[in-house]
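Read-outs: derived from the displayed coordinates by stated rules, not from any lab. From a predicted model like this one, the values you see are computed outputs, not experimental measurements. Cβ atoms come from the backbone with ideal geometry, glycine included; neighbour counts cover every protein chain shown.
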Amino acid sequence: TQLLEQSPQFLSIQEGENLTVYCNSSSVFSSLQWYRQEPGEGPVLLVTVVTGGEVKKLKRLTFQFGDARKDSSLHITAAQPGDTGLYLCAGVTNSGYALNFGKGTSLLVTP
Amino acid sequence: ETGVTQTPRHLVMGMTNKKSLKCEQHLGHNAMYWYKQSAKKPLELMFVYSLEERVENNSVPSRFSPECPNSSHLFLHLHTLQPEDSALYLCASSQVVGDTEAFFGQGTRLTVV
């Protein structure tokens, strides 16, 4: 059973378009993290959302944590080719020992 | 060097070979992790170490054997692997076990033939 479900799995858009990707779970998380992984590299942390309903902005990226702390979304405004990568959501496992990851959304932004 | 360094970056091995993956972190962290990343699957947690002590083994087959000689180094010893073990193996570290910010290495792309 996948703890964190991400959608869509793949997304191909043109430069300048907006997009939203989603991370959903039936479990409540004390916090959720978004990571970005470029080809040939390991994931890099983008943001942590902690409070239900919280909205965080990082330049053209907007992250939202659901009120019930079971879901999160990532919205990118005016996507650029440099945004291409695998976007992963993660939350600490029930054991509290490590991060549990979703399958990710693979984003391709073409010029 | 800074961050988390993994060697080798690429490895091709036969099913009867024995090889080891190495991970080194220069961040002064106390926790280290091995993850497996396969196509169409999420990152799978394999092992968790806290101050050189293994605290979680996520039902990993015994053909994968981790070793953590000190808090800066982590190894994954491989023997008699199967083709389905081909994947990207990622090492990560964090300040403490369960920290939400993990720092990843670039991974070792393993191909078992």
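Quick rundown of the values:
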| read-out | value |
| --- | --- |
| Lone cysteines, chain B (no partner Cβ under 4.7 Å) | B:Cys68 |
| Cβ-based net charge around B:Gly98, under 15 Å, with every Lys or Arg adding one and every Asp or Glu removing one | -3 |
| Estimated Rh, the range A:28-111: Kirkwood, alpha-carbon pairs, angstrom | 13.4 |
| Cα centroid separation, the range A:60-111 to the range B:21-63 (Å) | 22 |
| At q = 0.18, 0.24, 0.29 Å⁻¹, base-10 log of I(q)/I(0) for the range B:1-56 (Debye sum, equal scatterers on each alpha carbon) | -0.83, -1.18, -1.21 |
| The protein assembly as shown: Lys pairs at Cα distance under 22 angstrom, eight or more positions apart or on different chains | 10 |
| Sites A:Gln14 and B:Lys41 - FRET efficiency at Förster radius 22 Å, r taken between beta-carbons, to 0.05 | 0.15 |
| Radius of gyration, Dmax [the range B:1-97; alpha carbons; angstrom] | 12.9, 37 |
| Positive-pole candidate from B:Leu43, B:Leu110, B:Leu21, dipole of chain B, charges at beta carbon | B:Leu110 |
| Mean Cα-pair separation over length for chain B, i.e. relative contact order, pairs under 8 Å, 6 or more apart, % | 37 |
| Distance between modelled label sites at A:Ala68 and B:His77, nm, 7 Å Cα→Cβ extension | 4.7 |
| Kirkwood Rh, angstrom, the protein assembly as shown [1 / mean 1/r, Cα pairs] | 18.0 |
| Net charge over other residues, Cβ less than 15 angstrom from the Cβ of A:Gly66 (K, R count +1; D, E count -1) | -1 |
| For B:His77, net neighbour charge (Lys/Arg +1, Asp/Glu -1) across residues whose Cβ lies under 11 Å away | +3 |
| Label-point separation, B:Ser20 to A:Glu41 (7 Å along Cα→Cβ), nm | 3.0 |
